[in-house]
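The values are calculated or read from the model by the stated rules, or taken from the named source; none is laboratory data. Please read all numbers here as calculations on a predicted model, not as lab measurements. Positions of Cβ are generated from backbone atoms using ideal geometry, with glycine treated the same way; all protein chains shown enter the neighbour counts. For the accessible areas, the whole protein counts, side chains as well, though only heavy atoms, and no ligand, DNA or RNA atoms are used. Shrake-Rupley method; radii C 1.70, N 1.55, O 1.52, S 1.80 Å.
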Amino acid sequence: MSNSAVEIVLLGRTYSIGCPKGREDALRTVAREVENQLTTLKSRTNNLSREELAIMAALNIGNELFEEKLKNKQYMAQMDERISLLQSTLETSLVERSRKDD
């Protein structure tokens, strides 16, 4: 798959980023979210450098990703439990039905 250049703006600077064809909109959406994080952080703390703002934004986004992965893991564990319960219930029902048929 070939790449295309997508221009994004973060804190007033324009960056040209290589992006796989068809993923441009996703990159722009992510860039808007990063820009929102940077802008929010900058408004709260005017004395941070661009580098410090970028690090703080990366940590905030990383924390959000960690929390979502944790929720997903918990959800998957719940679904595994429910599937096991359904399988057990079905197996029990099938055994009981086969006994009735005998």
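Here the range 1-32 is the region considered, the condition is being basic (Lys, Arg), out of contact with any strand residue (DSSP E or B) (no Cβ under 6 Å at 6 or more places or on another chain) and more than 22 Å from Glu52 (Cα to Cα), and the residue that is least open to solvent (accessible area, probe 1.4 Å) is Arg28. Residue check: Asn47 meets all listed conditions (1) within 20 Å of Glu64 (Cβ to Cβ); (2) at pLDDT below 95 but one, namely (1). One residue stands out in the range 71-91 among those that are within 24 Å of the chain's Cα centre (by Cα) and among the acidic types (Asp, Glu): the one that is least open to solvent (accessible area, probe 1.4 Å), namely Asp80.
Out of curiosity, is Ala54 among the hydrophobic types (A, V, I, L, M, F, W, C), open to solvent by less than 60 Å² (accessible area, probe 1.4 Å) and under 23 Å from the mean Cα position of the chain (by Cα)? Here the answer is yes, as Ala54 does meet what is asked. Scanning the range 1-52 for residues that are part of a loop (DSSP other than H, G, I, E, B) and in contact (Cβ under 8 Å) with a residue 12 or more places away in the chain turns up Met1, Ser2, Leu11, Lys21, Gly22. Among the residues of the range 64-102, the ones that are over 30 Å from Gln37 (Cβ atoms) and charged (D, E, K, R) come to 10 in all. Within the range 58-70, residues that are open to solvent by 60 Å² or more (accessible area, probe 1.4 Å) reach no partner that is of a type in the set (Lys, Arg) with beta carbons closer than 9 Å at six or more positions or on different chains.
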